[in-house]
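The block underneath contains the structure these notes are about, expressed in structure tokens.
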Amino acid sequence: MGELNRTVTLEGSEAGFATTKVDALLGWARKYSLFAYPFVTACCGMEYMALASPRFDLARFGAEAPRFSPRQADLLWVVGTISQRQAPVLRRVYEQMMAPKWVLAFGTCASSGGFYDNYTTVAGIDKIIPCDVYIPGCPPRPEAVIDGLLLLQDKIASGDRRPGVVKPREDPLKDLVQLRKKGDKGGRSSDKEST
Amino acid sequence: MSKAALEKLRAKFGDAILETHSQHGDDTAVIASERWREVCEFCRKDPGLSFDMLTDLCGVDFPERAPRIEVVIHLYSTQKRHRVRLKTRVGETVDEELVNCAVDTVVPVWAGANWFERETFDMYGVTFKGHPDLRRILMYPEFEGHPLLKDYPAEKTQPLIPYRETDEDGKPLEKQAPFGPDEGMSFGRKHFTNGGEA
């Protein structure tokens with residue numbers, strides 16, 4: 001919350017006027033009062049429950065209040081696989097929300113369809129509704145979701161509407177490449193070196 | 001275990017039992033499709049068989065065979081504690097159309113067959129003659145075709161609402177989910193259209 005305490009000194013022709021941006025104030029207010037609508041359809045819901053419970057405590061970030069009416073919510077959590085049959089429902093829920101509104105794709109299925117590359121699954125909710133933050137993972141760890149929420153709060157505060165993705169803390173393919181190189185030299189016996 | 005059941009079916013129906021086989025204690029009889037209902041009723045009512053529980057009813061598609069679709073039911077007797085599997089074969093492909101794909105319903109014999117038969121109709125296009133409510137059960141009514149047939153294209157989707165092509169301001173959608181090399185990761189999204197690989 002440090003941004004409100006910043007001291008601004010005005011000089012030259014601006015002296016005598018104090019200007020600030022209402023947007024910045026609104027962004028600050030909005031990012032700590034997200035009312036969430038959980039659209040929970042699949043196994044990621046378990047991880048969402050863990051996240052909302054006291055152990056990981058989403059309340060620390062001002063996003064703990066779920067609203068089960070889209071008209072009272074301004075953050076749509078899409079948690080789980082979206083089938084073609086559910087797509088109109090999801091679109092309708094999104095359209096009923098009041099602006100400003102944000103969408104968070106929780107897990108790989110909501111982000112891209114995941115491994116359900118078939119006749120019945122929507123390959124990512126961005127095919128239906130605009131999406132602000134993608135959280136990959138099957139399911140994502142609560143830490144990753146908190147990363148996603150903080151990323152969304154940054155975007156809200158700065159007015160950035162471009163989609164963002166939560167990056168893994170490490171590149172998951174990095175180790176695979178190393179393993180392959182080790183294998184060329186003669187097996188995995190060098191595992192001890194890496195530790 | 002219930003080879004006796006197969007013997008009994010063969011003795012009673014003769015030519016209507018096209019083939020039987022037993023493996024690892026599972027016994028299977030293939031029934032001529034026109035006597036399907038009759039055989040099922042016998043299985044349920046005969047005191048020596050008394051198959052009172054329908055465990056499963058499903059379909060299997062063998063596109064190279066004619067008739068190509070098998071309807072399979074798994075039966076269990078809670079009194080005799082034995083099982084049997086009955087199959088029948090229906091449907092042919094003529095000019096890439098599925099024809100003669102119909103068999104009598106067994107809902108009057110086991111009420112639990114109702115939703116199983118709806119699912120088999122939904123996924124394979126088998127029409128169950130006399131079914132009280134033969135609608136799709138998993139797919140939506142607008143869906144065309146039957147997705148578990150082997151000739152249904154694996155990647156064909158039939159969206160109920162059109163996919164987004166413009167963003168909120170009406171501009172063409174340039175960027176899909178930002179997964180891929182541009183975001184500092186070594187993997188990309190499949191069907192990535194914005195300069196990504198493959």
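The values are calculated or read from the model by the stated rules, or taken from the named source; none is laboratory data. Remember, it's a predicted structure, so these values are computed and weren't measured experimentally. As a convention, Cβ positions derive from the backbone with ideal geometry for all residues, glycine included, and neighbour counts pool all protein chains shown.
A single entry from B:Thr20, B:Thr55, B:Thr28 fulfils the requirement of being of a type in the set (Ser, Thr, Tyr) and touching a Phe, Trp or Tyr at 6+ places or on another chain (Cβ under 9 Å): B:Thr55. Within region B:123-137, identify whether any single residue is small (Gly, Ala, Ser) and under 27 Å from A:Ala110 (Cα atoms), and answer yes or no. The answer is no, given that none of the residues of region B:123-137 is small (Gly, Ala, Ser) and under 27 Å from A:Ala110 (Cα atoms).
When the test is whether a residue is touching a His at 6+ places or on another chain (Cβ under 6 Å), at positive phi and buried (at least 17 other Cβ atoms within 10 Å of the Cβ), B:Gly125 passes it.
Which members of region A:92-118 meet the condition of being of a type in the set (Gly, Ala, Ser) and either within 25 Å of A:Gly159 (Cα to Cα) or at the interface with another protein chain (Cβ under 10 Å from one of its Cβ atoms) (or both)?
Kept after step one, since they are of a type in the set (Gly, Ala, Ser), are these residues of region A:92-118: A:99, A:105, A:107, A:110-114.
Within region A:92-118, A:Ala99, A:Ala105, A:Gly107, A:Ala110, A:Ser111, A:Ser112, A:Gly113 qualify.
Note on region B:79-113: residues that are more than 30 Å from B:Glu7 (Cβ to Cβ) and either at pLDDT 95 or above or of a type in the set (Ser, Thr, Tyr) (or both) amount to 1. Just one of the listed residues (A:Ser194, A:Ser190) is touching a helix residue (DSSP H, G or I) at 6+ places or on another chain (Cβ under 6 Å), modelled with pLDDT under 90 and either surrounded by fewer than 18 Cβ atoms within 10 Å (Cβ to Cβ) or hydrophobic (A, V, I, L, M, F, W, C) (or both), and it is A:Ser190.
Checked across region A:57-69, the condition of being of a type in the set (Lys, Arg) and surrounded by 15 or more Cβ atoms within 10 Å (Cβ to Cβ) holds for at least one residue.
Being within 8 Å of another protein chain (Cβ to nearest Cβ), modelled with pLDDT of 85 or more and either part of a loop (DSSP other than H, G, I, E, B) or closer than 28 Å to A:Arg91 by Cβ (or both): is that true of B:Met139 here? Here the answer is yes, as B:Met139 does meet what is asked.
Conditions (1) within 28 Å of B:Pro147 (Cα to Cα); (2) more than 22 Å from the chain's Cα centre (by Cα); (3) of a type outside the set (Gly, Ala, Ser), marked per residue:
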{"position": "B:Lys8", "(1), (2), (3)": "no, yes, yes"}
{"position": "B:Glu34", "(1), (2), (3)": "yes, no, yes"}
{"position": "B:Asp56", "(1), (2), (3)": "yes, no, yes"}
{"position": "B:Gly59", "(1), (2), (3)": "yes, no, no"}
{"position": "B:His74", "(1), (2), (3)": "yes, no, yes"}
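In region A:100-122, the qualifying residues are those that are at pLDDT 85 or above and of a type in the set (A, V, I, L, M, F, W, C), and the one that is nearest to B:Ile161 (Cα to Cα) is A:Val122. Scanning region A:68-96 for residues being within 18 Å of the chain's Cα centre (by Cα) and part of a loop (DSSP other than H, G, I, E, B) gives a total of 5.
Restricted to strands (runs of 3 or more DSSP E) entirely inside region B:35-93, those with at least 3 residues that are surrounded by fewer than 17 Cβ atoms within 10 Å (Cβ to Cβ) are B:53-61. Only one entry of B:Thr55, B:Thr88, B:Thr105 meets the criterion of being within 26 Å of B:Gly25 (Cα to Cα) and in contact with a His (Cβ under 8 Å, 6 or more places away or on another chain), and that entry is B:Thr55. If you go through region B:146-159 and pick out every residue that is modelled with pLDDT under 90 and more than 8 Å from chain A (Cβ to nearest Cβ), you end up with 2.
The requirement of being within 14 Å of another protein chain (Cβ to nearest Cβ), surrounded by fewer than 21 Cβ atoms within 10 Å (Cβ to Cβ) and not β-branched (Val, Ile, Thr) is not satisfied by A:Tyr134.
Taking first residues from region A:73-91 that are within 14 Å of chain B (Cβ to nearest Cβ) and partners that are surrounded by fewer than 21 Cβ atoms within 10 Å (Cβ to Cβ) and among the small types (Gly, Ala, Ser), the Cβ contacts under 6 Å between residues at least 6 apart in sequence or on separate chains come to A:Thr81/A:Ala42. Residues that are more than 14 Å from the chain's Cα centre (by Cα) and within 18 Å of A:Tyr94 (Cα to Cα) within region A:126-174 comprise A:Lys127, A:Ile128, A:Ile129, listed in sequence order.
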